[in-house]
Each structure stands twice: as structure tokens, then as C-alpha cells.
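The values are calculated or read from the model by the stated rules, or taken from the named source; none is laboratory data. Predicted, not measured: the structure shown is a model, and the values here were computed from it. Ideal geometry is used to build each Cβ from the backbone, glycine not excepted, and the neighbour counts take in all protein chains shown. Note: areas computed on protein heavy atoms with side chains; ligands, DNA, RNA excluded. Shrake-Rupley method; radii C 1.70, N 1.55, O 1.52, S 1.80 Å.
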Amino acid sequence: MQDPAKLTATEAARLIRDGSLDPLDLMEACLERIGEGEPGVRAFTWLDKELARKAAEAVLPGPLHGLPIGVKDVLDTADMPSEYGSPIWRGWRPRADAAAVAWARKAGAVVIGKTVTTEFATRKPGPTRNPHNKAHTPGGSSSGSAAGVADHFFPLAFGTQTAGSVIRPAAFCGVVGYKPSFGLINRFGMKLMSESLDTVGVIARSVADCALFTGAVAGRDLGNPDTRPQRPPRIGICRSPVWDKALPETQDLLPKVASALAHAGAVVIDRELTPEVAALVEAHPIVVNSESARALGWELGNARQGISEGLLERLEFGLSCSEATVAEAHAVFERAQQSFPACMEELDALVTPSAPGQAPVGLEWTGDPAFNLIWTSLHVPCVTVPAATGPDGLPLGIQIVTRRGEDRQALAWAQWVAAAIT
């Protein structure tokens with residue numbers, strides 16, 4: 001058997017079910033890999049190896065039986081600190097798990113540790129490095145979750161997305177990221193920043209892993225994406241209104257993906273978004289920053305000095321927006337969501353870039369979410385799968401998008417696309 005730490009979650013779950021793999025052996029393999037890689041990658045904000053071992057020994061039966069998971073540190077855990085990427089909350093110990101964590105544990109998952117997030121899942125990056133090249137960002141804000149899955153620290157991890165915080169780091173780290181339809185995974189116990197946008201998602205090594213994890217946590221049957229559909233899909237190639245931000249590697253990638261999909265039998269056409277959807281590019285920062293400023297009311301009033309300069313600037317922008325400006329931004333969201341079905345007419349899915357290009361060099365910036373914020377604002381499911389490598393050998397992802405509520409279809413077509421382009 002191959003190194004257990006390098007198994008996908010679905011492979012590990014199958015071996016555990018048939019008695020070929022003990023959960024404690026899987027945990028030990030992951031801890032060994034962490035010992036080798038964590039000093040360079042720095043994916044964790046909290047790791048207690050003995051606690052992880054004890055949890056693996058006492059694991060509950062269920063669909064996630066014995067599978068180690070990383071938990072982004074904006075989701076509360078009753079037995080570990082929750083610091084939200086901020087010095088303001090250093091050492092904070094909640095009394096209860098976030099709902100998503102509680103349901104993961106009930107399904108048999110073992111929380112191995114808390115993963116690094118940017119400050120309140122927004123601006124200031126943490127110390128995590130991209131495992132493919134440690135001079136580059138892993139993306140954010142789900143930095144530690146993406147890097148940890150990519151470097152075989154754990155097969156599954158929670159992330160959250162307000163703009164591009166699941167899809168972009170997964171793409172930068174060469175793994176699979178899935179942002180479900182808005183509200184599919186319960187947000188109770190999350191350090192919420194944007195009522196209108198924050199979505200709990202997952203990062204894994206395969207599309208089937210994402211379906212397994214999310215289905216167990218959300219109580220939904222998301223199917224088996226490895227089951228080949230009875231027909232090829234009808235796919236719209238969407239450059240989106242921010243195509244001018246695409247770097248040369250992405251400009252080269254998208255037509256190659258379209259050609260590969262057509263060769264595999266898909267009906268492939270170019271598809272533009274409506275003006276109502278395009279207007280989200282300007283409306284999104286107004287909604288995000290105005291809601292985030294309200295969400296951080298206690299921190300602004302009692303611990304302002306603990307907020308980074310960059311975040312404070314965005315919060316002050318949010319507070320400066322007039323009531324009419326914020327109301328109009330929300331109206332843009334509503335119009336865009338209502339018009340999106342027209343963009344999907346006669347299509348099964350859209351295929352669009354996951355990020356402008358490969359992960360940027362440096363750790364002071366987690367990359368541009370321009371190719372993600374539209375889909376988050378529309379509340380639709382999206383999945384990124386590895387597609388190629390960039391000029392420095394770093395991963396490139398491609399993103400699959402469907403209508404809101406079509407999560408099962410999003411995962412199925414994402415796996416079809418992944419198979420067609422490899």
C-alpha cells in the first residue's frame with residue numbers, strides 16, 4: 001500500500017472500511033509528514049499531536065470514519081484555540097465547535113489541527129508558504145488548509161470564501177477546492193464577516209473527496225462524481241468581465257482547456273455574462289467592507305490597535321459608504337442573481353479561470369480574487385481542479401460553475417472536466 005498520508009480521502013475511507021487501514025496508522029502517517037514538511041510550509045496555527053492521536057483512537061463510525069481534517073481558524077473548536085488570524089483573539093478558547101466541525105466529528109472525522117487564515121479571513125496574510133515553491137504565496141484566506149492538503153498533512157480541510165478564499169488557494173496549491181451554494185454548509189460558530197457572502201467550503205485532493213466531505217457535513221447526497229455521466233456536457237467558456245486581469249499563462253490555458261473538452265465530446269461555446277452580473281465587480285467590495293465593518297464592531301470599539309492598517313483602511317471605507325450606496329450594491333446583487341439563469345441557458349456548466357495565473361511570488365499578498373468574487377456574489381457552486389502548470393512550474397487551476405443549488409451537478413461536471421483535461 002502507498003504511503004497512507006498520500007491517499008485521497010475516498011481511498012483512505014475505503015481502506016478503513018474494509019479493515020486494510022487503521023485510523024491511528026493513517027493519523028501517524030499524516031503526523032510524520034507534518035513533521036517533515038511543517039517547518040517549511042507552516043500550515044498550522046495550532047497542532048497538538050497527542051490530542052490528534054487520542055482523537056484517532058476514539059473515532060466515531062460514519063462516512064468520514066478516521067479521516068484527519070484541517071480546520072481553518074475562523075471556525076470554532078471546543079478543544080483548540082480559535083484566534084481568527086488576529087492578535088486580538090490570541091489564546092481564545094470557545095466552549096463549542098462550529099456546526100460544520102461538530103457534524104464532521106459526528107461523521108467520524110478527526111480534527112488534526114487548526115490551519116492558518118489571513119486576518120479575519122480578509123487582508124493580512126499569515127506565515128504559510130506554497131509547498132510547490134516556498135517563495136510563493138499559497139493563496140488566501142484559506143492558506144493553511146490548501147497548503148496542508150497539497151503537502152499531504154491531511155486529506156481534507158475546511159475553508160471559507162467571501163471573495164475567492166477557497167478556490168484561489170486550492171488552485172495555487174494544485175488541489176481541488178469546492179465552494180458550495182451559499183448556505184449549504186451551516187455557518188454557526190464561524191467568525192462571520194459578511195452576512196451576504198461568507199460560505200463554508202472544502203479543500204481536498206479529488207472531486208469525489210469534496211463530495212464525500214461536504215455531503216457528510218451538510219447531510220446531503222452529493223453523489224459520486226467518479227460515476228461518468230451518460231452524456232458529455234454542454235459547456236460555456238466564460239472569460240468573465242475581468243479577463244484583462246488574466247496573466248499570459250491563463251490566456252494560453254483557457255483555449256487549450258476548451259479544445260480538450262471539445263475533443264472529449266463536450267459541446268463547447270463561448271458565453272458572456274450579462275451586464276447585471278458584470279456589475280458585481282464594483283458592488284462586491286461595497287457589500288464586503290460595509291458588512292465586515294459592522295461585524296467587527298467590538299474589535300473596532302475595544303481593540304482597534306490590534307487591527308492591521310490594511311484591514312482598518314477597508315473597514316473605514318465600509319463605514320464611509322452611505323446608506324444609499326450600500327442599498328444600491330445589494331440591489332446589484334439581487335439583479336445579478338436574478339439574471340444569471342439567462343447566462344446558463346442550454347448549458348450544464350461554465351468553465352472559467354480559477355485565478356489570474358500562478359501563485360504570485362512573495363508572502364505579503366495572497367493574490368487577486370477577481371476571477372472568484374462574481375461567483376461568490378451569485379451564491380452559485382464552483383469547483384477548481386488542477387489544469388496545468390505556469391511559467392515557474394506552479395499549478396494552474398480551472399473553475400467549473402453551475403446554477404445555485406446544482407451542487408451535485410457542479411461536482412459531477414467538475415470531475416468530467418478534470419478527466420478530460422488530464
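Structural remarks
- Within segment 103-127, the only residue that satisfies the criterion of being surrounded by fewer than 19 Cβ atoms within 10 Å (Cβ to Cβ) and not in a loop (DSSP other than H, G, I, E, B) is Lys106.
- Qualifying residue in segment 364-380 (condition: open to solvent by 30 Å² or more (accessible area, probe 1.4 Å), in contact with a strand residue (DSSP E or B) (Cβ under 6 Å, 6 or more places away or on another chain) and touching a residue at least 60 places away in the same chain (Cβ under 8 Å)): no
- Test: residue in segment 132-150 that is buried (at least 20 other Cβ atoms within 10 Å of the Cβ), touching a strand residue (DSSP E or B) at 6+ places or on another chain (Cβ under 7 Å), of a type in the set (A, V, I, L, M, F, W, C) and not in a loop (DSSP other than H, G, I, E, B): yes
- Hey, Lys114 farther than 21 Å from Asn186 by Cβ and among the charged types (D, E, K, R) or not: no
- Scanning segment 391-422 for residues that are in a loop (DSSP other than H, G, I, E, B), open to solvent by 10 Å² or more (accessible area, probe 1.4 Å) and modelled with pLDDT of 95 or more turns up Pro391, Asp392, Gly393, Arg403, Arg404, Gly405, Glu406.
- For Glu276, the conditions (1) open to solvent by 30 Å² or more (accessible area, probe 1.4 Å); (2) more than 17 Å from Ala327 (Cα to Cα) all hold with the exception of (2).
- Residue among Pro94, Pro63, Pro81 that alone is assigned to a loop (DSSP other than H, G, I, E, B) and in contact with a Leu (Cβ under 8 Å, 6 or more places away or on another chain): Pro63
- Residue in segment 382-389 that is open to solvent by 10 Å² or more (accessible area, probe 1.4 Å), modelled with pLDDT of 95 or more and not in a strand (DSSP E or B) present: no
- Any hit, segment 40-59, residues being polar (S, T, N, Q) and part of a loop (DSSP other than H, G, I, E, B): no
- If only residues of segment 1-26 that are within 23 Å of the chain's Cα centre (by Cα) and part of a helix (DSSP H, G or I) are counted, the one that is surrounded by the fewest Cβ atoms within 10 Å (Cβ to Cβ) is Lys6.
- Pairs where the first residue, in segment 235-255, is farther than 10 Å from Thr352 by Cβ and the second is surrounded by fewer than 18 Cβ atoms within 10 Å (Cβ to Cβ) and of a type in the set (Val, Ile, Thr), C-beta under 6 Å, 6+ apart: Pro241/Val281
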